[in-house]
1. Separation between the residue 65 and residue 52 pseudo-spin-labels, each 7 Å from Cα along Cα→Cβ, expressed in nm?
2. Convex hull over the Cα atoms of segment 1-122, averaged projected area in nm²?
3. Could you tell me the calculated FRET efficiency between residue 101 and residue 13, based on Cβ-Cβ distance and R0 = 22 angstrom, to the nearest 0.05?
4. For the chain, what relative contact order do you get, as a whole percent, if you take Cα pairs closer than 8 Å and at least 6 residues apart?
5. If all Cα-Cα distances of segment 1-55 are sorted into 10 Å bins from 0 onward, what percent lands in each bin, rounded to whole numbers?
6. Report the one residue of 120, 9, 56 whose Cα lies farthest in the direction of the positive end of the charge dipole of the chain (charges on C-beta: Lys and Arg +1, Asp and Glu -1; origin at the Cα centre).
7. Calculate the dipole size of segment 1-122 relative to its Cα centre from +1 charges on Lys and Arg beta carbons and -1 charges on Asp and Glu beta carbons; express the result in debye to the nearest 20.
8. Kindly state, to the nearest 0.05, the FRET efficiency for residue 123 paired with residue 40, given R0 = 25 Å and r defined as their beta-carbon distance.
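Every number in this text was worked out from the coordinates using simple rules, so none of it is lab data. Fair warning: this is a prediction, and the values are worked out from it, not measured in the lab. With ideal geometry, Cβ positions are generated from the backbone for all residues, glycine too; neighbour counts draw on all protein chains shown.
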Amino acid sequence: MNIRTYPDPILKKKAEPVVNIDGNIQRLIETMSKLMYQASGIGLAANQVGVAKRVIIFDLNYREKGTDLTVLINPTIVLAQDKIVFEEACLSVPDFRGKISRNRYLEVRGFDRHGKPIDIDAEDLTAICIQHEIDHLNGTLILDRVSHLKRNLYKRRVEELLRGAH
Ligand code: NI
């Protein structure tokens, strides 16, 4: 498995809820965390490794691999407050950054990798990261949250690169 990049169609797909947190999901989580740390990312959604299931992981302290990893299965935002604008990047959208407005405070519920219900209060970068990853589960990329102009410039750049590669 590898990290899929735009325009891979899996990134536009809405991920399905996880019904059984079984061995397949454990293996998926292992693969996702390995790839996230390899790429020095702070978060990853399952669609980014080609699996359309509602699983996200994040670790704001990614430099100390594995010490602060959060796994969130079937995440639901139950509370979102205030706004914050931050320049985001995405492992699936290489060489792109965009200023995006998100909620600053968030309460999220879901399940951990053992199936235990979890409730997370997040703010600032953690809240931004969780919203970014839940966006992935809904088939939304940071490209979809910037201006048409900025999006089209990036799309054209990628199309030209792909043409050049053939
Ligand atoms: Ni991303």
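1. Result: 3.2 nm between the two label points.
2. Approximately 7.6 nm², given one-decimal rounding.
3. 0.35
4. 23 percent
5. Reading upward from the zero bin: 25, 55, 20, 0.
6. Result: 9.
7. Rounded to the nearest 20 debye, it is 320 debye.
8. For residue 123 and residue 40, the calculated efficiency is 0.65.
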